[in-house]
């Protein structure tokens, strides 16, 4: 059995959806898939992706990304927590799990999260250009710290399991130094919305040896302080230099 991983499928783009539809119906029947968020801002498309993947993999494990919780300006659609509850519901109905999964000596733990500006404070350019500030809606008066805290509190009891190999995954970055040193300085204004240090505290409380994350669209593998961090974002169609555009195996038994 293999544990495969991918994030940031963004199937709102037709060519990304075509890739997903083209995945083999046979090659992954015994595999577990970690799907680390940002599938689609459209709930019907998200359901379609879940159904396609559930038909191809033995187990599909998922956490939502920021795009998955977009609601736009129409207040009648509810806020992004209402969208989150819809995502949880359709995942379960489609055969996709958002809960800890264990078989034998393998344990895979999804970690919900958001960004709390622990990687830096957003400037006016970021507040104007970052789509989440317009496409997500939270309870009145809430800031990003409270949003992140709410999601982190929903995560599984945080304890290591002595007889298991623990893999964890999130959409958001658990620490900023997982990013490549080669990222041009002009893009580092995005750091504040990439993740939260408190996520890494949960990774380590769980005793994780490998953590899969998404969001940055920069495929990367780094070992830091005894934990291996892996990003395998599919990304936007134009992002061919920084994304592999394929599934990768992160663990095999």
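The values are calculated or read from the model by the stated rules, or taken from the named source; none is laboratory data. For clarity, every value in this text was computed on a predicted model and none was experimentally measured. In this analysis, Cβ positions are derived from the backbone assuming ideal geometry, glycine residues included, and neighbour counts consider all displayed protein chains.
Taken together, 159, 134 contain a single residue that is within 22 Å of residue 41 (Cβ to Cβ) and modelled with pLDDT under 95, which is 134. Counting only residues that are crowded, with 22+ Cβ neighbours inside 10 Å and assigned to a helix (DSSP H, G or I), region 9-48 holds 1 of them.
When region 18-32 is filtered for residues that are within 18 Å of the chain's Cα centre (by Cα) and without any contact (Cβ under 8 Å) to a residue 40 or more places away in the chain, only 20 remains.
Counted as qualifying within region 151-253 are the strands (runs of 3 or more DSSP E) with 1 or more residues that are surrounded by fewer than 13 Cβ atoms within 10 Å (Cβ to Cβ), out of contact with any helix residue (DSSP H, G or I) (no Cβ under 8 Å at 6 or more places or on another chain) and in contact (Cβ under 8 Å) with a residue 40 or more places away in the chain, namely 248-252. Within region 98-120, residues that are free of Cβ contacts under 8 Å to residues at least 40 places away in the same chain sit with their Cβ atoms under 7 Å from residues that are crowded, with 24+ Cβ neighbours inside 10 Å and assigned to a strand (DSSP E or B), at 6+ positions apart or across chains, in these pairs: 98/62; 98/110.
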